[in-house]
Each structure stands twice: as C-alpha cells, then as structure tokens.
Amino acid sequence: MNMLPVLSFAHLLLEKAVKSGGFAIDATAGNGHDTVFLAKRVGEGGKVFAFDIQPEAVRRTKERLEKEGLVTRAELFCTGHEHAGECIPASLHGKISGAVFNLGYLPGSDKTVITRPESTIAALGQIFPMLETGGIIAVVVYHGHEGGAYERDRLLDYVKQLDQKKAHVLRYEFLNQANHPPFLIAIEKR
C-alpha cells in the first residue's frame with residue numbers, strides 16, 4: 001500500500017471539489033503553494049481568496065502567483081482568516097467549492113507567530129456556510145510546535161460537534177510515525 005502524505009491527500013480531496021470556474025479559499029497563504037494549486041484548479045473564470053496575517057507571507061504568495069502567471073486568479077488579504085466572511089463578497093457565499101488551512105507557523109519564518117484556535121474556529125464557522133453542497137474544507141494540523149497541541153485539541157472538540165446531517169468530518173493520519181506527524185481534518189458540506 002502506498003499511503004499519501006497528508007498534504008497530498010488534502011490536495012486530492014480538493015481536486016475532486018474545486019473545478020474550473022469555481023471559487024476557493026486558502027485560509028493560510030504561507031509561501032503560496034496552496035494558493036497556486038487552487039488557482040490552477042479554478043482556472044481563468046474562477047477566483048481564489050487567500051489570507052495571511054504576515055505581510056511576508058502575502059508577498060511570497062504574490063511572487064509565486066506572478067511566477068506562475070496566475071496573479072489574476074487570486075485575491076490576497078493581509079488579514080486573519082477569521083475575517084473571511086467580511087472579505088469574500090456576499091454574492092459568492094454558498095458558491096465556495098473548497099478551502100484549505102495549513103495550521104502552525106510559516107516555514108522559514110518566526111515560529112512564535114502561529115495559528116490560534118480562536119481564529120481558526122471562527123474562520124471555519126464563517127467558511128463552512130459559504131461552501132456549496134459537496135464543498136470541502138481541508139485542514140492540515142501541524143501540532144508538534146509550542147501551542148500546536150492546544151490548537152489541535154480545541155479544533156477536534158469543535159469539529160466533533162458539527163451536525164452530521166450538515167457535514168461529514170474525516171480525520172486522516174499516520175498512526176505509527178514519531179514526532180507529532182501532521183494529520184488532516186476534512187469537512188464536506190452535505
């Protein structure tokens with residue numbers, strides 16, 4: 001059996017949900033890899049809304065989009081993902097096909113600037129209603145850093161109470177890897 005790494009599995013799920021002409025969210029733009037992935041998926045007629053609190057992350061994401069010729073397919077916000085509800089036009093609420101979160105900290109940056117459960121849960125609470133039926137939120141949980149276990153536990157408490165009539169929630173993880181391997185929480189709108 002050839003198991004996919006967690007982020008690859010997240011992309012596989014998003015590939016099935018995010019189609020050309022669609023709308024998607026990168027809730028943690030970081031170095032721009034997921035924003036580029038989603039921009040390729042939505043095509044010329046779609047749009048990706050990408051969020052990051054760090055200006056450096058927004059700059060890196062913009063540079064990556066420019067290098068790939070995809071800058072017109074994305075709108076970047078230098079603000080927290082908990083502001084998605086006010087940043088994404090109301091006309092698109094109910095039309096988002098996919099969203100991705102990579103929790104933790106920006107690789108190659110200040111490791112004390114981390115995602116926090118309060119903002120992550122607030123963002124999930126805003127983004128889930130924006131999904132179309134069959135839309136997916138993929139949350140990659142990195143929890144081996146300081147503050148990571150706290151966010152992991154609060155997040156798991158939150159997703160476990162989501163109404164099963166409205167959402168399917170899946171947890172994908174390796175059970176035999178050392179050093180706090182990341183895992184995926186996938187939320188599909190029913």
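Okay, here's what the table says:
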| read-out | value |
| --- | --- |
| Two-decimal ratio, the range 1-92, of alpha-carbon radius of gyration to 2.2 N^0.38 Å | 1.06 |
| Relative contact order (%) - the chain, alpha-carbon pairs under 8 angstrom, separation at least six | 21 |
| Accessible surface of the range 4-62, 1.4 Å probe, proportion on carbon and sulfur as whole % | 58 |
| Given LYS16/LYS40; LYS47/LYS166; LYS40/LYS160; LYS67/LYS111; LYS16/LYS95, the pairs whose alpha carbons are separated by over 23 Å | LYS47/LYS166; LYS40/LYS160; LYS67/LYS111 |
| Cα extents of the range 40-190 along the three principal axes, largest first (Å) | 41, 40, 26 |
| Environment charge at GLN164 (Cβ cut-off 13 Å; Lys +1, Arg +1, Asp -1, Glu -1) | +3 |
| Label-point gap, in nm, between GLU75 and ASN179 - each point 7 angstrom along Cα→Cβ | 4.0 |
| Full-extension gain in nm, GLN161 to LEU92, via 0.36 nm per residue minus C-alpha separation | 22.2 nm |
| Pairwise label distance in nanometres, ARG171 with GLU66, each label 7 Å out on the Cα-Cβ vector | 4.2 |
| Given charges at Cβ of Lys, Arg, Asp, Glu: the range 13-166 dipole, positive-most of SER97, LEU155, SER109 | SER97 |
| Å² of accessible area per residue within the chain, as computed with a 1.4 Å probe and no ligands counted | 50 |
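The values are calculated or read from the model by the stated rules, or taken from the named source; none is laboratory data. Keep in mind it's a predicted model, so treat the numbers as computed, not measured. Note that we place each Cβ from the backbone using ideal geometry, even for glycine, and neighbour counts take in every protein chain shown. Accessible surface is based on the protein model in full, side chains and every heavy atom, while ligands, DNA and RNA are left aside. Shrake-Rupley method; radii C 1.70, N 1.55, O 1.52, S 1.80 Å.
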